[in-house]
1. Find how many whole Å separate the alpha carbon centroid of segment 1-47 from the alpha carbon centroid of segment 322-344.
2. What label, among [x] 88, 64, 46; [y] 63, 61, 46; [z] 73, 68, 39, belongs to Cα extents along the principal axes in Å computed from the structure on display?
3. If I model a spin label at GLU293 and GLN86 as a point 7 Å from the Cα along the Cα→Cβ vector, what separation in nanometres do I get?
4. Please report, in debye to the nearest 20, how large the charge dipole of the chain is about its Cα centre when each Lys and Arg carries +1 at its beta carbon and each Asp and Glu carries -1 there.
5. Taking only the C-alpha atoms, wrap a convex hull around segment 144-209 and report its volume per residue in Å³ as a whole number.
6. Enumerate lysine pairs in the chain that are 8 or more residues apart or on different chains, then count those whose Cα atoms are under 16 Å apart.
7. Could you order peptides 18-31, 255-268, 179-192 by the average number of other Cβ atoms within 10 Å of their residues, highest first?
8. Name the residues of segment 5-24 whose amide N is less than 18 Å from a point 7 angstrom out from the Cα of ASP150 along the C-beta direction?
Amino acid sequence: MIRLVVLFGGQSAEHEVSCVTAASVLDAVDRGRYDVVPIGITPEGRWVQAGDAMGVLASGAKALLPSGAEVDPLPAVLPAAGGVDQTVVLPLLHGPMGEDGTVQGLLELAGVPYVGTGVLGSALAMDKAKAKEVCDRAGIPGPRWLARRDGLVEDDLDRTVGDALGWPVFVKPANMGSSVGVSKVKVPDDLAAAIALALEYDEWVLIEEAVTAREIECAVLGNLSPRASVMGEIVPKAEFYDYDDKYSGDGAELRIPAPIPAEVSDAARALAVRAFEAVRAEGFARVDFFYEEDGRGLLLNEVNTIPGFTPYSMYPQLWAATGLAYADLIDELVRLAIERHERRGARRGRPRPQLGTS
């Protein structure tokens, strides 16, 4: 039997989203195949046993982690004896201090398999500005953008933005997800306030041209040979795809499969795999695009290395439409985690060359 440590909550502004995601996974996982151990991270950073997680999480998205017996992070994820053949950690942590390589580094030190992208890919994909640099270098088309660091924002930035990007623009924290801290800025006078809001969440801010386009997404799954799902389209009910649109049951409309030409779908799926590989993603990721039908075509928005698994989330729905049911998707993610761990471990275990030998 596999001991599956479901790690959720976290210290970022996306704590509640993580809890909702965990509730869905805990409800669907096959208890006959897995010894499921929920471990929660409180907003204050305490790791707690969350054996009663289902009851608490069922109360809704606003429920934060309960108090519980505090556990040490490393022992909490180490393999347990007694009928358990393997321990695998499933991190369901969104945003900084969970999706950005920090927890992944801890799990590498612990020497246990974990689902999803490794340290480098997680950190890179989390930082929207650096990810855009890498994808631009790889020749993957995307919207025009600028980035600035807190304390290094010039007084005439509104003029620079107008010249380089035009108006309106989107202002985002570079390291955040779920549209937290995002503003649409239509006129130069509103830029400073939007930057101030974004800087509440991260010391780097991304400023991106506002693209008038359809929003389509692809789910990618795999390690050495990643494969892409059918495409889905998001039709926001708000002015843009904001937090409420993503996580309320009465939010954006999801169209699966996306009603786009077959050649566009094929191109998007191929581009999604290229972006997945460019940022060194592994296991799973959702790749988001803008589609300018009468303009530049497909433009990469971002790669999300821990996509949501809520009942309203695109990622599991895309794989269900492709032929992989929710429970089977979890099984495949666990398998990929073990495969990568064994592959990487084989290299770590190679004997070191002796000094003075070639």
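1. After rounding, the separation between the Cα centres reads 17 Å.
2. [y]
3. Calculated label separation equals 4.6 nm.
4. So the magnitude is around 1480 debye.
5. 69 Å³
6. So the count works out to 8.
7. Final packing ranking: 18-31, 179-192, 255-268.
8. 11-14, by backbone N distance to the label point.
Readers should treat all values here as calculations from the given coordinates under stated rules, not as data from a laboratory. Owing to the predicted nature of the structure, the values given are computational and were not obtained by experimental measurement. Neighbour counts are summed over all protein chains in view; Cβ atoms, including those assigned to glycine, are modelled from backbone coordinates with ideal geometry.
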